[in-house]
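Since every read-out is calculated from the coordinates, none of them should be taken as a lab result. Owing to the predicted nature of the structure, the values given are computational and were not obtained by experimental measurement. Every residue, glycine as well, gets a Cβ built from its backbone with ideal geometry; the counts of neighbours run over all protein chains shown.
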Amino acid sequence: MKAVKRIHGRAIPFGRRNVDTDLIIAAVHLKTISRAGLGRHAFETVRAEPGNVFADPAFAGAPILIAGENFGCGSSREHAAWALADMGIEAVIAPSFSDIFGGNAYRNGIAAVVLAQNAIDRLLDAAWRYPLTVDLEAMIVSSPLGHRFTFEMDPFRRDCLMEGRDEIALTLSHEDAIRAYEERTVP
Amino acid sequence: MSRGARTLYEKIWDAHVVARGEDGTCLLYIDRHLVHEVTSPQAFEGLRLAGRSVRRPDLTLAVADHNLPTTRRVDANGNRLPIENAESAEQLAALEANIAEFGVPSIEATAPEQGIVHVVGPERGFTLPGTTLVCGDSHTAAHGALGALAFGIGTSEVEHVLATQTLWVRPSKTMEVRVDGRLGFGVSAKDLILFIIGRIGTAGGTGHVIEYRGDTFAEMSIEGRLTVANMTIEAGARSGLFAPDEATFAYLKGRPMAPQGEAWEHAVAAWRELATDDRAHFDRSVRIDATEVAPTVTWGTSPEDVAPITGKVPEPDSFADPARRAAARKALDYMGLTAGQMLRDVAVEHIFIGSCTNSRIEDLRAAADVVRGRKISDSIKQALVVPGSGLVKRQAEAEGLDRIFTEAGFDWREPGCSMCLAMNPDKVPPQGRCASTSNRNFAGRQGPGARTHLVSPAMAAAAAVTGRLADVRELVKP
Ligand code: SF4
């Protein structure tokens, strides 16, 4: 997978809370047997709303999405992460993420960045006019208006993102431990 | 993870650690892996591209459920009928090709044992106490009803488990949801879990594993526990656990994939040790009095938007949190409801009794008890009963439940996910309103524009015969 260290560009000021995976990608689009091509179906119900941010040409291809708490709740469908990645999203900034989405995100090269709601509110305002930068190395989200918000990230996930690591290969380096466990416990 | 007194979760965790990462993340051994057609094609593709094989096919079980139409699957001669939707057919074909190529055991789409993965796992005895169990579906939490540490995973993780039979997992915090007291007449496990989600919110369990404790759960049937554990994910937690007890053992004994003979005795002895130790610590604790719970319905587009059937559609302004107020306003708009409206006055035209939450035999019996001797209301356009598995269907037919439903005007269908997520032809039309026993009332979940009210099987039956959301306690007497 592609390594991501620093993400810079427009940020879609979506802001909605409890963005569920059905909203990100509706079930009718889950019938694909490949990972690519889901981006054009992302946020379909939102895109049908008049004046929605996704229809704003200023945010076409934006690499960052800003949302409210509990982003990615609902199903375990990784299609949600694939759809975001296919749209060009490399970072989602929200006050909290569902556990499953948090995992699916980093495995698909998307940084799930947690910031407090008041920081999010300021970024939502700034994002209408200015690009944002998510720096994974320094763990800072910044804007040209002088905002600098630091965030924390699970070190393992951050490494995976920054190095574009293949997790299965990493695990297979523990083959001896897996075999020993199986000999000990699995009939 | 911990010393001294441990919770059920910590015991299962400790027993499955293969390796430890630096920050507490552990490589856990996975004992059981359920595979279905929607979240697996890209995982098998990944294996193929990397030249990897399935490490432990013997610990894996595949079954198709999400896409299958619930209409007849074989013709009069027993030959399989084609699936009309080309993409659904392709996904099913991909699963069948993959399980053949990688040698994964499976239940065929037309076999009598076919059903929704989360109904099939417990029913076959594939799900066992003290095991780690995963599936590429968030309602995998259901299997926690039997004391398995079960959680939903994404497709990359499906690939990881297929290749390595392990997963890197971060330990969760522990949360106890303790419910004591007796559920009232007409109040089911579904009403209770909706009530719990309403209390703690859809993000209430985020980062935690929930253990359901207290005498209400001790007295609850395994089927009721499956309903509760199933919707743990709607409370934000990835897994929900029940300590295995005599009811668990009685349920599992003799199931085809459960241990038999002497191995059974050994297994039960080990399972008895799993319960949370007396002085074990929970990071969070929530207490609920079961007698407070009424038959419950959802009014909005999030499972936390719940109210008792005797209540009203809330005023968005009654919520303290501004974000919740905005969400409620949007939800009422989507749902076509007015604040202050009595829930009992809300007319519905679609009924769905099914899904991995409420499609087991007890659920069908509860619905049939309400329907018996009645007809569905003239205003109902579509009323489906979709059993969770072929075996549930057979059992129901042996008990004559199918006749009760069909004589009342319900459609009696083949097992599958069906109208729970509308991937197959079973959908609610735009602006159609459905009383549904499924688990998610998200916008568009049951079809674009569909309006979903989550209810128990008895309440769905009550809605079917009255044509509106109705209090089941007014239709049947104790
Ligand atoms: S019935 Fe619904 S929730 Fe359950 S596995 Fe199927 S789609 Fe998922």
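Worth a mention:
- Zone residues, segment A:97-115, relative to A:A36, backbone N less than 19 Å from point 7 Å out along Cα-to-Cβ: A:108-110
- Dipole in debye (nearest 20) - chain A, about Cα centre, beta carbon charges: Lys, Arg +1; Asp, Glu -1: 520
- Among A:F97, A:T133, A:T21 the positive-end extreme of the charge dipole of segment A:1-136 (Cβ point charges): A:T133
- Low-density loop positions, trypsin sites (Lys or Arg not before Pro), segment B:207-292 - DSSP coil, at most 14 other Cβ in 10 Å: B:K253, B:R279
- Stokes-Einstein D for chain A, Kirkwood Rh over Cα pairs, 4 °C, 1.567 mPa s (µm²/s): 75
- Relative contact order %, segment B:94-206, counting alpha carbon pairs below 8 Å whose residues are six or more apart: 13
- Relative contact order of chain A, pairs being alpha-carbon contacts under 8 Å that are 6 or more residues apart, as %: 26
- Simple rule: put +1 on each Lys or Arg Cβ and -1 on each Asp or Glu Cβ in segment B:285-336, find the dipole, and look at B:T298, B:T310, B:P322; the Cα lying farthest toward the positive end is B:P322.
- Over the protein assembly as shown, volume per residue of the alpha carbon convex hull, in Å³: 149
- Check: segment B:173-226 dipole with +1 on Lys, Arg Cβ and -1 on Asp, Glu Cβ, in debye: 160
- Each Lys and Arg Cβ is given +1 and each Asp and Glu Cβ -1; about its Cα centre, the protein assembly as shown then shows a dipole of about 960 debye.
- Calculated SAXS-style log₁₀ I(q)/I(0) at q = 0.08, 0.11 Å⁻¹ - chain B, Debye, Cα scatterers: -0.45, -0.88
- Taken along the Cα-to-beta-carbon direction at a fixed 7 Å, the label points for B:K173 and B:S285 span 1.6 nm.
- Farthest toward positive dipole pole in chain B [+1 Lys/Arg, -1 Asp/Glu at C-beta], among B:N85, B:V370, B:G115: B:V370
- 10 Å beta-carbon shell around B:G336, net charge (K/R +1, D/E -1): +1
- Alpha carbon centroid spacing (whole Å) that separates segment A:1-32 from segment B:318-387: 30
- Averaging the Cα positions of each part gives two centres, and for segment B:271-292 and segment B:34-57 these lie 37 Å apart.
- Between the beta carbons of B:A326 and B:E474, assuming R0 = 51 Å, the FRET efficiency works out to 0.90 to the nearest 0.05.
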